[in-house]
Amino acid sequence: MLESKTLSRRGFIRNTTAAALTGAAGSLATAIPQASAQNREERLSIPKLADGRYDFDTPYDRGGSNCRRWDLPARLYPDGEFKYGMGIASMDFECPPEITGALQDRVSHHSWGYLDSTDELVDEIVDWNERYHGLDLDARMITMSDGVYPGIIAALRSIVSAGGKVLLTTPTYSGFYVMASQARVDTIDSPMRYDNGRYEIDWDDLELKMTPDVRAMIVCNPQNPTGNVWTEDELLRIGRLCVERKVVVLADEIHSDFVRRGHRYVAFAGLPDRAVVENSVSFNAVSKTFNLAGMRNGYFYSKSPELLVRVNEVHRADLSTLGVVANIAAYQNGREWFEQVNAYIDDNHALVEAFVAEHMPTVGNTRNEGTFMTFLDFSRTMAAIGADELYAAHDMATPEHYFRDWLVKGTGVFLNTGSDYGAGGEGHMRMNIASSRQVLRGALDAMAGAVNAVV
Ligand SMILES: Cc1ncc(COP(=O)(O)O)c(C=O)c1O
């Protein structure tokens, strides 16, 4: 039974994803070399190049591992149209060998009863935040969770009473709408303005939307999907407004480690205004940093003991042993890998910006300051293919869903639909750029071909 599962998984990898990638490469001059299923199983870890750098260039085949980024679109398009998973926010790179090694050590101990302590993990979190972000955290004020989701849901439940609302500056992470719904809280969007290639908060609108029933505001920093890294001044302005209006700030900083050269992430809890800081709860994880989302770890903290107690009262999470092992290993031994991957992603952003400007001039592109996502404006392509008129007849939820389908069928590229990110997401698609350059370039080439043929 076990053997046949392994065999069918291997078969799936070989037949589906490898074929998809090779097919994708068919539009390129050469086939994409990749870490094949076989050599992936033979080697324990990501190789370093002769000069000491990790090899992020060789595409790593994640297909067939039950991963949402590649296997979900493959399931949605079983006839093989799908080739490039450029949606869901996880990276295509193999995680650092130190993490895999730590997991292997723990797996050799064949017992899986309840986990005892997360103290070592909490100490690593304190250390990481101090070292990378200059943030002074008290270990006693950190609550571990199995992701950012459960923490924000608990915060919304405890802070926003029945009939209350949570305020979002949009476009913003689609998951916030899910969290709000699970906490039975309504959302209210304050659409940002798009000025000179950057999303800016519309301060008048934000103030207008802070009606008495708004009890919380989610500040996503760096902001997914727009890539904004909020400045200290912007955060202080939001924070002071929230104090004035008695709105608690929920700072989702899960992307905080991915900040591009020339920009600086300022932790909300590190702002130089005590009243502002004590009116907030912050949420974070290294799941984006080290590609550990499936290991389900996250944490939240507040400098206000009272707020933290309120959230803790309605929050419960049991962490998995392997998740804790992987996260500790990441914090302790993954720094070099992370610094290299961060630089690689920064260069990928630059590549996308240059490519779009030169080869897809009808597509709008925001200059990202952080995250490994980019938000592309395809409204002219969508108009050219009649997405607004055709989507309902094709049983699609929005024109952006129609466009996504058009793109997969014409190019094999799967992106996330902008309409899922709230007001202002119309006409846009979110693209994940955390891939080897060959895969990224293949997806961009394929999209340019299709887009330029219609606009
Ligand atoms: C801004 C933001 N918050 C939260 C999450 C999900 O967090 P988790 O998987 O830790 O629950 C994501 C995932 O993409 C995200 O982008």
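The values are calculated or read from the model by the stated rules, or taken from the named source; none is laboratory data. What you see is a predicted model; the values in this text were computed from it and never measured. FYI the Cβ positions are ideal-geometry reconstructions off the backbone, even for glycines, and counts take in every protein chain you see.
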**Prompt:** For segment 129-176, how many residues are within 16 Å of the ligand (Cβ to nearest atom), outside any strand (DSSP E or B) and not charged (D, E, K, R)?
**Reply:** 16
**Complete:** Exception for His263 within (1) in a helix (DSSP H, G or I); (2) under 25 Å from the mean Cα position of the chain (by Cα); (3) away from the ligand (no atom under 16 Å from the Cβ) falls at (1)
**Message:** The conditions are (1) on the phi > 0 side of the Ramachandran plot; (2) under 18 Å from the mean Cα position of the chain (by Cα); (3) not aromatic (Phe, Trp, Tyr), and Gly386 fails exactly one of them. Which is it?
**Reply:** (2)
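Yes or no, residue by residue, for (1) touching a helix residue (DSSP H, G or I) at 6+ places or on another chain (Cβ under 9 Å); (2) charged (D, E, K, R); (3) more than 20 Å from Asn221 (Cα to Cα); (4) assigned to a loop (DSSP other than H, G, I, E, B):
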residue: Val356; (1), (2), (3), (4): yes, no, yes, no
residue: Thr362; (1), (2), (3), (4): yes, no, yes, yes
residue: Leu376; (1), (2), (3), (4): yes, no, no, no
residue: Asp395; (1), (2), (3), (4): no, yes, yes, yes
residue: Tyr402; (1), (2), (3), (4): yes, no, yes, no
residue: Leu407; (1), (2), (3), (4): yes, no, yes, no
residue: Gly410; (1), (2), (3), (4): yes, no, yes, no
residue: Glu426; (1), (2), (3), (4): yes, yes, yes, yes
residue: Met429; (1), (2), (3), (4): yes, no, no, no
**Request:** Can you tell me which residue among Gly298, Gly227 is within 16 Å of the ligand (Cβ to nearest atom), in contact with a Pro (Cβ under 9 Å, 6 or more places away or on another chain) and assigned by TED's automatic domain parsing to the domain that holds Phe176?
**Result:** Gly298
**Complete:** Conditions (1) over 20 Å from the mean Cα position of the chain (by Cα); (2) within 19 Å of Asp127 (Cβ to Cβ) -> Ser282 fails only (1)
**Single residue of Asn333, Asn279, Asn312 found to be more than 19 Å from Arg260 (Cα to Cα), away from the ligand (no atom under 16 Å from the Cβ), without any contact (Cβ under 8 Å) to a residue 60 or more places away in the chain and surrounded by fewer than 23 Cβ atoms within 10 Å (Cβ to Cβ)** = Asn279
**Request:** Please specify each residue of segment 181-216 satisfying the condition of being closer than 21 Å to Phe375 by Cβ and within 16 Å of the ligand (Cβ to nearest atom).
**Result:** Thr187, Asp189, Met192, Tyr199
**Message:** I'd like to check something: does segment 76-99 contain any residue that is away from the ligand (no atom under 16 Å from the Cβ), at positive phi and outside the structural domain of Tyr173 (by TED's automatic domain parsing)?
**Reply:** yes
